[in-house]
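Below is one structure, written out as structure tokens; comments come after it.
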Amino acid sequence: MALPRQVNIVEVGPRDGLQDEKTAVEVGTKAALIEKLAAAGIGRMEAGSFVSPKWVPQMAGTDELFNLLPQHSRTAYIALTPNLTGLQRALDCGARNVGFFVAASESFNRNNLNSTIAETLKRFASMMQVAEQHSLSVRGYVSCVVACPYEGDISPAATAAVATQLLDLGCNEISLCDTLGVGNPNSISRMLEAAMQNIPLEKISLHQHDTYGQALVNIHTALQMGVSTFDSSVAGLGGCPYARGAAGNVATEDLVCMLDGLGIQHGIELEKLVEAGQFICKKLGRKNGSKVALAIAANSQH
Ligand code: HMG
Ligand code: MG
């Protein structure tokens, strides 16, 4: 199949990227990062999550953060919501785009959401009614699409079944998440093939963590299969508190660079993106996880 001419990037840095950071990040810093990412041309971005602050302390200030974000931005801000309490908090802050997340693995789901997959999906059905009343856009996420930290390999059929249930509930996009970053072109293509039986190609997004350095080659495999939406994180930040050892998401800078090389449009200015990544890495006191950002930063010093 010919590669897509245009790709949508969903930036996940301010949520997935920051949720597991050891350094506490002030709300003002998060807002500044989001502003820089929007200025770089990011069209859709996870800005935060309305989860229990006892479970994920880094996301505690999301209400305050949403109130700081510009009201009339061209960028859509996505808020992850695990239950009705979270959805109500999102509505109270004026969020228009929310994310419902569940796993293809029973053990991961219990660890991440303290409920079974069936209980979680049942909860989402009630939440979807509220979302529909308020005309919210709902993105569905399936974690552990190829492997789980507790159960090992997850079958393509198990992932496809959960993804299909999210679609049937009314999610308008399904993000298929390699939470552990252990997928390879073989496992990812088999998983996508199964998901594509029921989910229209244009509704699929691939969310790659990059623990084993296979994220870009997996994305290229997905591009060859016609997938045209990808989740990525500035500076390669990211991780899930309930998937110990997993690395950050594929770096947005590295993804943008690969797409440029392939002549695929994405609407993002690489230099401004690199600036945003350098900004947050400096605040966090950590090395930039994007090879492209490091190369560009090194060249600009000469
Ligand atoms: P629970 O303990 O079963 O919840 O946790 P509960 O309903 O029994 O409530 C316990 C307390 O939490 C109560 O307060 C509630 O009010 C409060 P208390 O009476 O003890 O003072 N509470 C809340 N407070 C604020 N906001 C809320 C909320 N809900 C309850 N929304 C719960 C269940 C779902 C809340 C918990 O398990 C949770 O928050 N889990 C989220 C974990 C998380 O955020 N994980 C990371 C995001 S997913 C991810 O990163 C994967 C992804 O990137 C894809 C991939 O890569 O795989 C998306
Ligand atoms: Mg993730």
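Each reported figure results from applying straightforward, stated rules to the coordinates on display, with no laboratory input. Note that the structure is predicted; figures quoted are calculated from it, not measured. Cβ sites come from the backbone with ideal geometry, for glycine too, and all protein chains shown count toward neighbours.
Things worth noting here:
- Listed by chain and number, the lysines placed with their C-alpha closer than 24 angstrom to that of Lys203 are Lys122; residues fewer than eight positions away on the same chain are left out.
- By average C-beta atoms within 10 angstrom, highest first, the peptides 240-248, 8-16: 8-16, 240-248
- Sequence-distant residues sharing a close amide H with Thr229 (under 5 Å, placed H): Asn8, Leu206
- Links that overshoot a 22 Å alpha carbon limit, given the list Lys30/Lys272; Lys22/Lys54; Lys30/Lys287; Lys30/Lys283; Lys54/Lys282; Lys54/Lys287: Lys54/Lys282; Lys54/Lys287
- The residues packed around Glu271, meaning those with a beta-carbon under 15 Å from its beta-carbon, carry a net charge of -3 if Lys and Arg are +1 and Asp and Glu are -1.
- Along the range 286-293 the Karplus relation, 6.51 cos²θ - 1.76 cosθ + 1.60 evaluated at θ = phi - 60°, assigns HN-Hα couplings of 10, 6, 5, x, 9, 5, 5, 4 Hz to successive residues, with x for each Gly and Pro.
- Each of Met191, Met1 was scored by other Cβ atoms within 10 Å of its Cβ. Listed from fewest to most, they are Met1, Met191.
- Remark: the range 235-242, residue by residue, has Karplus-estimated 3J(HN,Hα) of 6, x, 5, x, x, 10, x, 9 Hz, where x stands for each Gly or Pro and the curve is 6.51 cos²θ - 1.76 cosθ + 1.60 at θ = phi - 60°.
- Amide H within-cut-off set for Ser175, under 5 Å, with H built and near neighbours excluded: Gly140, Tyr141, Val142, Ser205
- Beta bridge orientation in the chain: antiparallel %, DSSP, nearest 5: 10
- Whole-Å semi-axes of the ellipsoid equivalent to the range 1-135 (Cα gyration tensor, √5λ, descending): 24, 19, 16
- Candidates per trypsin sites (Lys or Arg not before Pro) in the range 27-119, loop by DSSP, up to 14 other Cβ within 10 Å: Lys54, Arg74, Arg96
- Within a straight-line Cα-Cα reach of under 16 Å, Lys36 can be paired with the following aspartates and glutamates, leaving aside sequence neighbours fewer than 8 residues apart in one chain: Glu11, Glu26, Glu46, Glu253, Glu269, Glu271, Glu275.
- Distances between placed amide hydrogens fall under 5 Å for Ser49 paired with Leu80, all partners being 5 or more residues away or on another chain.
- Measuring from each cysteine beta-carbon in the chain, the ones with no other cysteine beta-carbon under 4.7 angstrom are Cys93, Cys171, Cys177, Cys240, Cys257, Cys281.
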